[in-house]
Amino acid sequence: MRDEAGLENHILLVESDEAFGQILQQFLGESFVLRLVPTVESGIDELQGSPFGAVLLNLDLSNGGTNCQDTRALLQVASEQPIAVPVVVYSWHHRREAVIGAFQQGAADFLEQPLDIGVLRFALQAACRRTSAARQLAASQKFATQSRIEGLLGNSSAMERVEELIRKVAEVATTVLITGESGTGKGMVAQAIHRLSARANRPFVAFSPCALPESLIEDELFGHERGAFTGASQIRRGRFEEAKGGTVFLDEIGDLALPLQAKLLRVLQERTIERIGSNIPQPVDVRVICATSRNLEKMVQEGTFREDLYFRISVVKIHMPPLRERADDIPLLAEFFLKMFAKHHSKPARSFTPGFLRALVSHKWSGNVRELQNVIERSVVLANGSQQLCVNDLPAELRAVAFADQVSAGSFHEAVRNLKRELVRSALRTHKGNKLRAAQELRISRCYLHRLLTQLQIREADIPECAAQTDSRPRTVGPTAADGGRLRVNSL
């Protein structure tokens, strides 16, 4: 297998006409290196053995014996590579059904024959840039996995501070208090501390007192003797004894009632426990890590949390920032959850459109990482056959957030018109004026998109991304005789 470095411009061309492939290579010049194979089957073999920046596939090979199932197999193999390879397809058949079918099977772009060299070059450049970006992201994630703490994702400065504290506190046996809103990953921090400590080969036992009665909490933590109460037919070991030599993680410590706070303080001070029904102290060797989403300092002032216990459990404090304060980590987290749930639910590998990511970054995430995880799982499960997740795959509240700032107050019809205008403008900006891709993201036909541009009085010249793209696209000057009319040459 060839080394992937510097091969983003290597294109796998699946085309039965060898002369046409040679002509394409001449017109594309040194910008791309074409590897020509005559059949879809040989294309699949080549794709599995060597890295490519993109695949260029002639859909009309079906007339020569290749069926749609073979084409679908190639698209699937391309998407399942360690780094998914975009597939650009071309055909003489320009029917709407053919275009939609190609995108539903996973094609990255659809080009009409005769091929316009300028359009082809633009499509291949976009596909290769996507492959290059994906490889860079994979490399950065691999580096992060090797250099960062397992289970914690994030490149923000806030997460770097958290990881620094975790590494320092893991080396000593002191108690730790992890604070932060619900869903920020406090439990992951506790597990990371345990894994990096000298107790890593001993049990990690987690417990949360939420919504449990006081008697049951005491039994769960400290256990009971036989005959301690009705139904206690045998000795039961509590969480502290189960974690012998390891770590006890007490989540939502602020929900612990005052009498149990006093008993916990005694355990921390004397390193012994007493089972219910016994007055014989049992020594315990555990490390205690606590977490809370409540303001314990305020609870101390109000008299609902013991001050001495607070100082005992907060020798070292680690604060987990809410997701809205580390928006730079959202794309990395989203990518991780995307791959995890695609594999878990046996869904095809996908990527995100820029509009999808913008909607994620602009959301407030009151449920933090847990909410983001749920949103990505929902999008993976309910998405259509497109190769990318777009804004329309998001829950309604996130789609609304994506455009809430742009929709002005006024009548119902004005609001709907403004929302349509912003949806269309956003899709055109995302795809730099490419109407077919914009229509695909919006899940409408290209004809309807053209009608919307007229009805909503949207001028592409007013959208910088579209204007720049229009200026940079070359003009077609006519067909050539050498390729039998299959190629159009432009000024480049």
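The values are calculated or read from the model by the stated rules, or taken from the named source; none is laboratory data. As the structure is a computational prediction, the values presented were derived from the model and not from experiment. Here Cβ is always computed from backbone atoms with ideal geometry, including for glycine, and neighbour counts include all displayed protein chains.
Within region 149-157, the presence of at least one residue that is buried (at least 18 other Cβ atoms within 10 Å of the Cβ), in a loop (DSSP other than H, G, I, E, B) and β-branched (V, I, T) is confirmed.
When A402 is tested against (1) buried (at least 20 other Cβ atoms within 10 Å of the Cβ); (2) of a type in the set (A, V, I, L, M, F, W, C); (3) at pLDDT 80 or above, only condition (3) is not met.
Does E307 satisfy the criteria of being of a type outside the set (S, T, N, Q), within 21 Å of G180 (Cα to Cα) and in contact (Cβ under 8 Å) with a residue 40 or more places away in the chain?
Details: of a type outside the set (S, T, N, Q): yes; within 21 Å of G180 (Cα to Cα): yes; in contact (Cβ under 8 Å) with a residue 40 or more places away in the chain: no.
Answer is no for this residue.
L221 meets all of the listed conditions (1) under 23 Å from A170 (Cα atoms); (2) in contact with a Phe, Trp or Tyr (Cβ under 9 Å, 6 or more places away or on another chain); (3) crowded, with 20+ Cβ neighbours inside 10 Å; (4) not aromatic (F, W, Y) but one, namely (1).
For first residues located in region 30-54 and touching a residue at least 40 places away in the same chain (Cβ under 8 Å), partners that are of a type in the set (S, T, N, Q) and part of a helix (DSSP H, G or I) and lie 6+ apart or on another chain with Cβ distances below 9 Å form the pairs S31/Q125; F32/Q25; F32/Q125; P51/T131; F52/T131; G53/T131; G53/S132; A54/T131. Might you let me know whether region 79-94 holds any residue that is assigned by TED's automatic domain parsing to the domain that holds C128, modelled with pLDDT under 90 and assigned to a helix (DSSP H, G or I)? Yes; the residues of region 79-94 include at least one that is assigned by TED's automatic domain parsing to the domain that holds C128, modelled with pLDDT under 90 and assigned to a helix (DSSP H, G or I). From the list G227, G246, G254, G277, the lone residue that is over 23 Å from V169 (Cα atoms) and surrounded by 13 or more Cβ atoms within 10 Å (Cβ to Cβ) is G277. Taken together, F305, F341 contain a single residue that is farther than 26 Å from L165 by Cα, surrounded by 14 or more Cβ atoms within 10 Å (Cβ to Cβ) and either aromatic (F, W, Y) or not assigned by TED's automatic domain parsing to the domain that holds P395 (or both), which is F341.
If you go through region 95-113 one residue at a time, how many are surrounded by fewer than 18 Cβ atoms within 10 Å (Cβ to Cβ), in contact (Cβ under 8 Å) with a residue 60 or more places away in the chain and outside any helix (DSSP H, G or I)? Number of matching residues: 1.
Restricting attention to region 255-292 and to residues that are modelled with pLDDT under 90 and of a type in the set (V, I, T), the residue that is farthest from M320 (Cα to Cα) turns out to be I280. Every condition in (1) within 18 Å of R350 (Cβ to Cβ); (2) touching a helix residue (DSSP H, G or I) at 6+ places or on another chain (Cβ under 7 Å) holds for G53 except the one numbered (1). Screening A198, A190 for residues that are buried (at least 19 other Cβ atoms within 10 Å of the Cβ) and under 24 Å from I273 (Cα atoms) leaves exactly one candidate, A190.
Collect the residues in region 353-389 that are at pLDDT 80 or above, under 24 Å from R429 (Cα atoms) and surrounded by 20 or more Cβ atoms within 10 Å (Cβ to Cβ), keeping them in residue-number order. First the steps, then the outcome.
Within region 353-389, the first condition is being at pLDDT 80 or above, and the residues that meet it are 356-383, 389.
Pick out the ones that are also under 24 Å from R429 (Cα atoms) and you get 356-364, 376, 379, 383, 389.
Hits for region 353-389 are F356, A359, L360, H363, I376, S379, L389.
The criterion of at least 1 residues that are more than 30 Å from F222 (Cα to Cα) and in contact with a Leu (Cβ under 7 Å, 6 or more places away or on another chain) is met, among helices (runs of 4 or more DSSP H) falling completely within region 279-357, by 330-344.
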